[in-house]
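Derivation of every value follows stated rules applied to the coordinates shown; laboratory data play no part. Because the structure is predicted, anything quoted here is derived from the model rather than measured. FYI the Cβ positions are ideal-geometry reconstructions off the backbone, even for glycines, and counts take in every protein chain you see.
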Amino acid sequence: MRLSSVGIVTYHAAYNFGSVLQALGTQIAFEKHGCSASIINYRPSGQRAFYETLYRTNRSLKTLINDLSLISVKSDRLLRAERFERFINQQLNLTECVEKASDLGKFADSFDIYVSGSDQILNIHSNEYSGSDWDAMKPYLLDFTNRRKVSYASSPANMTRDEIKHIVPDLQKFTMLSAREQDAAEMIGQLVGRPCANVLDPTLLVGADSWRRIATRAADEMNLPKKYALIYSLNGTKTVMQQYSLYRRVSDILNMPVVLIAPFAWFPTNKHIVDGRAAGPAEFINIIDHAIVVITDSYHGTLFSMNLGTPFLSMSNGKGSSTRKDQVLHRMQASESIVKGIEDAVHYLERSGIPSVHDITKPLAGVRQFSKDYIAHTLDF
């Protein structure tokens, strides 16, 4: 029997390009198998406040100081939030919105199959669980339903083995398990006592042309240079300002302006450095697609550059969260695009110029088919 309706629980409404686009990628991936797929619109008030509050007084002093440094770009931040909300509401098949975990019970029998994932929904250290205990993860572990449960590309990021043990009893209730990283799949499989498949991030299950069509349909026009390099960084003001002269150096080497997307940082703009922080998910796809080269420390910045065929350099120190990017680049035979940081990226451009586009067609095809087969198997009952 083939199951026909799918309810997905994931981080779908964070003001984070990767979170929103992976949610859409998961929705599309299941729809391609002939079923109806919906995102269960669970938006806890704490998560909402984390992204919607411009100046977070309930966080650390360091966070508040960084937020206050962004006062001068308030209008761009509000426009960014507006674009995220519009994309979320127009592109995702959303259920009724619920803020309390206790209200998720209304969806307990709404779907044939429930999907947990992807993104870092298994990572207790993610921003979405900030200030919360392990119970905050329960909705993402689908504890509100007794129907068929599967995971797709869920990531515990850098949680330890002992930390993952906290959620093993919940994971044992799943019919099928998968993880985005190889090491995570192996660890979860060992702890749960049955296989955990290593599948692709869902954004890589959607082809470049499909992403372009989505962006063309949904993106606002942004006043950007016709020819530019993109630097996309998740660093705060202090680090971005320390590296600012190197961003300017990239502009000088390539003889073109740099569009800098650094949502958590203030920085001066001029003819060499153009602020792209107001981009929403659709604009983000367009900016990467039209860039001459992308330099990024972001996981999904790396994946979209690779998927869209844009030359890129992925900054990684080989530790912590950087290993997630490294794993997928090795898997796609694109590890030569890894540089240690912005200094190495500058040296690369000085020495070799713009990197070649990676043809990931062959390595992607096999892993993409494996991931699609996994999804097909989750629907067979």
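A few points about this structure:
- For LYS362, the lysines whose Cα falls under 23 Å of its own Cα, not counting residues fewer than eight places away in the same chain, are LYS32, LYS325, LYS372.
- Correct choice for Kirkwood radius over Cα pairs in Å that was computed from the model, options [x] 24.5; [y] 21.3; [z] 25.4: [y]
- Cross-link partners of LYS74 among lysines (Cα-Cα below 28 Å; sequence separation of 8 or more within a chain): LYS62, LYS226, LYS227, LYS238, LYS271
- Taking packing as the residue-averaged number of other Cβ atoms within 10 angstrom, the listed peptides 223-230, 36-43 run from highest to lowest as 36-43, 223-230.
- Averaged over residues, the count of other Cβ atoms within 10 Å places the peptides 52-64, 161-173 in the sequence 161-173, 52-64, highest first.
- Folded to 0 to 90 degrees: helix 17-31 orientation relative to the chain principal axis, Cα: 40 degrees
- Highest mean packing first, where packing is the average number of other Cβ atoms within 10 Å per residue, the peptides 150-159, 78-87, 263-272, 178-187 line up as 150-159, 178-187, 78-87, 263-272.
- Degrees, to the nearest 10: 281-290 long Cα axis against longest axis of the chain: 50 degrees
- Partners of LYS149 within straight-line reach, counting aspartates and glutamates whose Cα lies under 16 Å from its Cα and excluding those fewer than 8 residues away in the same chain: ASP109, ASP112, ASP170, ASP380.
- Considering only alpha-carbon pairs that sit under 8 angstrom and 6 or more positions apart, the relative contact order computed for the stretch 175-231 is 27 percent.
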